[in-house]
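Bear in mind that the values in this text are calculations on the coordinates, not laboratory data. Keep in mind that this is a model prediction, so the values were computed, not measured. Note that we place each Cβ from the backbone using ideal geometry, even for glycine, and neighbour counts take in every protein chain shown.
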Amino acid sequence: MAEASPIAPADLHAHLSQLSAALDAAQLGTWFWDPQADLLNLSPGCMRLLGRSPQQPLRQLSDYIELIVEEDRPSLIASLAGIDQQPGRELALKHRVQLADGTQRWLELSGQLLIQADGRPSLLGVLRDISQLQQREAEQAATQARYSALFQLNPGPMTLLRYSDGCIVDVNDQFCEVFGWSRQDCLGHTAMELELWVDTQQRDELRRRSRHLDKPVTLFAHFRRRDGQQLCGTLSARSIVIDGEPCLLCAFLDESHRVAAEHALRTSEEKFAKTFLTTPDTVVITDRANGRFIAVNPSFERQFGWSAAEAIGKTSLELGIWRDPQDRQRMIDALDADGRLEHLEAELCHRNGSTSTNLLYGAECEIDGRTCLALTLRDITLQRRQEQALRNSEQRLKLALDSAQLGTWDWDLKNLQFFASARCSALHGLPDEPFHADYRQFFVHLERDDQDYLRVQLDEMKRQPGQARQLHYRVRRPQGGHLHLESTATLYLDDQGEPRRITGVVADVTERTQRERQVAASEEKFVTLFNSSPDPICVSRIRDGQFIDLNPSFTQIFGWSLDDLRGRDAGSVPFWALASERQRLFEKLKTQQGLDNELAQYNTKDGDLLTCQVSSRFIRVDRQLCIVSTFRDVTDRESAERLLKYSEEKFAKAFHASPDAISISERSTGRFLEVNGGFCRLTGYQPEEVLGRTSLELNTWADAGQRQRLIEQLQREGHVHNLELQALTRDGRIMTVEVSAEPISIAGSDCLLLIARDVTAFKQAQAQIQHLAYHDPLTNLPNRTLLLDRLTQQIALLKRHHLRGALLYLDLDHFKHINDSLGHPVGDSVLKMVTARLESCVRMEDTVARLGGDEFVVLISGLEGKRTEATREARNVADKLRTLLAEPMLIEGHRLQITPSIGIAMLPDHGDNPADLLKRADIALYRAKDSGRNTVQVFQRTMQTVASERLRLESDLRLALPRNEFFLHFQPQVDSQSRRMVGAEVLLRWQHPTLGQQSPALFIQILEESGLILEVGSWVLRQACQQTQQLLEQGLVQREDFSISVNISPRQFRQADFVEQVMDCLESSRLPTSMLKLEITEGIVIQNLDDTIAKMNRLKKLGVSFAMDDFGTGYSSLTYLKRLPVDVLKIDQSFVRDSCIDQNDAEIIRAIVAMAQSLGLALVAEGVETPQQLALLEAQGCHVCQGYLFSKPVPLQEFCQLLQPACERIGA
């Protein structure tokens, strides 16, 4: 700072005056102090700040200092000391002054040392009130102190981050302790630099979520300590502003131990659950108070037979688990005494009553506030049996060792200590007392080579642990000579698999060795027997399993020579078929010291499988323990025995499983030896009631002589097959049985195998089937088959006796109407009533038959006289039948009257075979129906011609459609008022290739009766739509005022898919639906009214209209008219034809017109041929007509010409 320049006093006072005035206005005070003169000058503003009156000025600095609070005085005095020696120094002294009212005020004394013109230093400055500023600073300091205390004293790690760059501004001590970083290491670094974040995406999420939020952000995060260990817990962060800088205050709650504990708890629970479910021990949890099961594991179900669903909620006493119920109280007492249950043994019971020995473990536990018992039950039944067996075995072993004079020894390989029994010590030349010392001291009396041999064997045992070894060595006797000892040694390993000890049993085999030497002396004999034996023999060494020798029979049967097997063991040669079988027999050999006739399978060198009986013994060859085995090939025998056993099993299964009654009895006495379940079911006897008794005693034959006849037939023919006999059941019921018998021999005794099957129901069913085959199931009358049979017999009989007969063929008139209107049950009742009437009207020797439907045949036989007389008598019978059948019948409330049409053929005049007679009677019946029904017609030869002609026409009609012989004619329908053609009726025509055009009256009925009308009618409908569409496309007709009428037969209308057929024709031809009008007859209506109405409504919704054809000619038209959705009534030509000369026809026309007008229906009159008829119709109000007056039916080309003038008129 530059040195202050001197100021003149006058100027100084002037400046002070101006400055004082400005500062007073700003509530600031000025002061001036001359240090050398100790002269103090305070402005009025200063005096106000000091709470003093200006009239009481302060003259010296000491006066001012007296106003200062005593604690602040030393610092002020120290600051002013020597100030006059520091020119340019600025002051800013904060202190408190005591006001007159006792309160304190913070003031700031600021100023600068100035040099006056005379060189004297002076201080000039400003005094201001900083009480509020000081208060704010104090509050801020307090806040800072609290923040610091909270920040540092927070039990969890806390850090303050600068938001802009993520640098750490501050951390608390807990942060340093938890994360391992010192405060100096953290400040100024980011969390990323310190690698605190395990997942940096969590850091990004924290910054994103806390950027614009004023509330704390919580995040579960993972962090990394300085040593790399990972922590996890809840991170809470909040945005704050410190010194205008956005910061992020973060607190971390370390939950690593909690998460680890929860994970450990979950793992523990999973382990407990798995252990609970999979442990082989039974685990249960019961209520301590009442003993009821809360949970049981699967082992409980297996051990005690109770399912969890059955056990839970019940007590062990209720389930009867305790063999002694007092054991449960003993368990509770043990728990009360020790707090736990350890090794408590108890006998427990299975559901089936069996018992087991168990060890119980358990303790109390709290589950949902209840005191429970967690118990584990370990089944030690097998262990206890094994322990008892072990004790018994040890006792037997000790007795055996003592009685066999065997010694035992045990060599501890870790400390080389050797233990031996007294007997073992005595055998080795030592005192007769137990030995316990170093093993080298035990074998001192062995020969040197035997010591070496023993050392090698024991070392080899340690290197190759496995099977027990037998050691043979000699011990020197004190009196001379040797003892031959045999020791069986076994190596035991420790838990690490290392050799731990070798134990053995030693026996004095001196005598046996001597005997073996004697045996060796006779080895030549053995070799002779060995080589000459017809059975295969082999010798193998136990030590390594290698083949040592085999005889020629072995090579001959198995194919291997000694050269093939020398030096090889059975495991390296595919000799044994099953390795497991080889091991099993070897174990048995070791246990029993021999095998006798054991069955096993072996492979030959060529791969064939042989079954042999093998016998084996231990032998010694050159002081080596070996096995000699003898084989006997029993393959063929085993195969035969196996087949025999299989056959016996099959017979036994077939015998007992057969549904037929099978018995085996003595042929001579009839005494039962065996019966199966089928026999018991058939007769009602139990096996114990039958065996040992005879059929006569049991009275199983309806005729006692039947068995004898069966025996005689058996003797004659050697067998009896499907012989029908009568048998008796235990309750006396007679049944028909089908018997088959074969002679057999059992244990040399002649026996009888008898198989019986109950065919009573079969016979009854057979009789029923036989009856049904020749009779009608509804009426029980003879059917066609039986009729033909009787007719054949009658023809022969009548010819032989020169008599005649008559065949009456009946058909019920309009019977189909009854079925269709009243239902088949009523129709069936009518047929039964007709049957009864027919049978009541004929003689016993006559036959009444039903051929099907409503067709009946009456065969009258024994007519005498000439043909005319017989015919007259047949007519009389037919009239009598017609009269009887025509009588009314009341069925289910319906009064019905049936009339028959009858055709008669005479026997044998009209045929000498049944087929011809039936055909000619049928022709006569057809003529009767054509004659108006309810009549009788006798066959004549001319009828045959008519029938043949009809059959020919039907055959030609079947070919007419494929040969395009059908075509359509159109007959106009004209509005007589406008003389316009408003429609046309389509009519079918047939051009026969040889007979020319045929009349519709001739072939339409044949089409109906043969069913051809379905195919032809569909063709007519399709052609009519297509040809009308052509007229529409040519402009000859208009869719608004022209319709084409197509006749629909009842059979065609009744088709299930009739509506779909019409829709298909309209769619394929593209003809507008409003132009199609379908003409139906009353025959359609009466078939099925509801179905008729449904189909008509479906088509009317499409735009198709309907006309009722031939209206007024049927008896039911008026009944159904009000329900039918028809649009047009057609007045039948039968009324129009005579309307001008027959007043009745005119009145009928007048009534039809009036009814149509009242119902809102249109009218079309058919058959208008004269102007008088037209005038009559017009007078009644019927203006649409068709008939020869306007045009006859014409082909399409002519019809187009008729339409042309109308088109021209329209065009004009």
At the level of C-alpha centres, the distance separating the range 547-596 and the range 1143-1212, in angstrom, is 119
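Among all lysine pairs in the range 963-1211 that are eight or more places apart or on different chains, how many have alpha carbons less than 16 angstrom apart? Walk me through the intermediate numbers first.
Details: Lys1077/Lys1095; Lys1077/Lys1100; Lys1077/Lys1101; Lys1077/Lys1130; Lys1122/Lys1130.
Counting lysine pairs in the range 963-1211 gives 5.
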Listed by chain and number, the aspartates and glutamates with an alpha carbon less than 15 angstrom from that of Lys866, same-chain partners under 8 positions apart left out, are Asp909
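For Gln592 and Lys653, what is the calculated FRET efficiency with R₀ set at 30 Å and r taken between the beta-carbons, to the nearest 0.05? Kindly include the intermediate steps, with their values, before the conclusion.
Working: r = 37 Å, r/R0 = 1.22.
According to the calculation, E is roughly 0.25.
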Classified through the alpha carbon gyration tensor (a ≥ b ≥ c as square roots of its eigenvalues; rounded if a/c is under 1.5, else prolate when a/b is larger than b/c, else oblate), the range 1128-1197 comes out oblate
If R0 = 56 Å, then Ala1154 and Leu778, at their Cβ-Cβ distance, give a FRET efficiency to the nearest 0.05 of 0.70
Note to self, the chain gives a 222 nm [θ] from helices alone (DSSP H runs n ≥ 4, -39500 (n - 2.57) apiece, / all residues, nearest 500) of -13000 deg cm²/dmol
Relative to the chain, whose Cα atoms define the longest principal axis, helix 1196-1211 and its Cα axis are tilted in degrees, nearest 10, by 70
Between Arg120 and Ala767, the two model label points (7 Å from Cα along the beta-carbon direction) sit apart by a distance in nm of 17.0
With +1 on the Cβ of every Lys and Arg and -1 on the Cβ of every Asp and Glu, the dipole magnitude of the chain about its Cα centre, in debye rounded to the nearest 20, is 2940
Between the alpha carbon centres of the range 746-811 and the range 962-1041 the gap in Å comes to 55
Check: C-alpha center the range 845-892 vs C-alpha center the range 639-689, spacing in Å is 62
Computed from every Cα-Cα pair in the range 38-193, P(r) in 10 Å bins starting at 0 and rounded to whole percents is 9, 27, 20, 13, 17, 12, 2, 0
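Arranged from highest to lowest average of other beta-carbon atoms within 10 Å per residue, in what order do the peptides 894-903, 480-489 appear?
Highest mean packing first, the order is 894-903, 480-489.
Given the Cα-Cα distance of Glu1015 and Glu447 and 0.36 nm per residue of separation, how much length would full extension add, in nm?
On the way: separation 568, 0.36 × 568 = 204.48 nm, distance 12.29 nm.
Full extension of this stretch gives 192.2 nm more.
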Where a ≥ b ≥ c are root eigenvalues of the Cα gyration tensor, a/c under 1.5 meaning rounded, otherwise prolate if a/b exceeds b/c and oblate otherwise, the range 380-505 counts as oblate
Rh_Kirkwood(the chain) over Cα pairs, Å, one decimal, evaluates to 51.3
Dividing the mean separation of Cα pairs under 8 Å (6+ apart) by the residue count of the chain yields a relative contact order in percent of 3
If amide H atoms are modeled at 1.01 Å from N in the peptide plane, then the residues at a separation of 5 or more from Leu471, or on another chain, having amide H under 5 Å from its own are Ser487, Thr488, Ala489
Taking a crude spin-label model, label points 7 Å out from Cα along the C-beta direction, the Asp1138 to Thr279 distance in nm is 11.4
Treating only Lys and Arg (+1) and Asp and Glu (-1) as charged, each at its beta carbon, one finds that the range 675-805 has a dipole about its Cα centre, in Debye to the nearest 20, of 880
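Tell me, in nm to one decimal, what length is gained between Arg620 and Gln713 on full extension, where the rule is 0.36 nm per residue of separation less the Cα-Cα distance? Write down the numbers at each step before the final one.
Working: separation 93, 0.36 × 93 = 33.48 nm, distance 7.08 nm.
Between Arg620 and Gln713, full extension yields an extra 26.4 nm.
Given 0.36 nm per residue, what is the gain on full extension from Asp199 to Gln1204 after removing their alpha carbon distance, in nm?
Between Asp199 and Gln1204, full extension yields an extra 352.1 nm.
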Of the range 342-360, those with amide N under 16 Å from the point 7 Å along the Cα→Cβ vector of Arg391 are 345-346, 357-358
Rounded to one decimal in nm, the spacing of the 7 Å Cα→Cβ label points at Arg1039 and Leu578 is 9.1
Output ordering of 867-875, 1103-1111, 503-511 (per-residue mean of other Cβ within 10 Å, highest first) is 1103-1111, 503-511, 867-875
Quick note, the range 784-939: a/c under 1.5 would make it rounded; otherwise a/b > b/c is prolate and the rest oblate (a ≥ b ≥ c, C-alpha gyration tensor); here it is prolate
For Lys832, counting only lysines whose alpha-carbon sits under 17 Å away and dropping same-chain residues fewer than eight positions off, the answer is Lys816
PRE zone check, label point 7 Å out along Cα-to-Cβ of Ala337, amide N under 18 Å, scope the range 355-380, hits 359-364
Sorted on mean Cβ neighbours within 10 Å (highest first), peptides 109-118, 962-971 come out as 109-118, 962-971
For Lys414, the aspartates and glutamates lying under 16 Å Cα to Cα, once residues fewer than eight places off in the same chain are dropped, come out as Asp438, Asp459, Asp494, Asp495, Glu498
Computed for the range 405-512: size of charge dipole around the Cα centre, +1 on C-beta of each Lys and Arg, -1 on C-beta of each Asp and Glu, debye to nearest 20, value 140
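So if we plug the beta-carbon distance of Ile312 and Ile744 into 1/(1 + (r/R0)^6) with R0 = 56 Å, what FRET efficiency do we get, rounded to 0.05? Mind showing how you got there, number by number?
Values: r = 60 Å, r/R0 = 1.07.
Efficiency, rounded to the nearest 0.05: 0.40.
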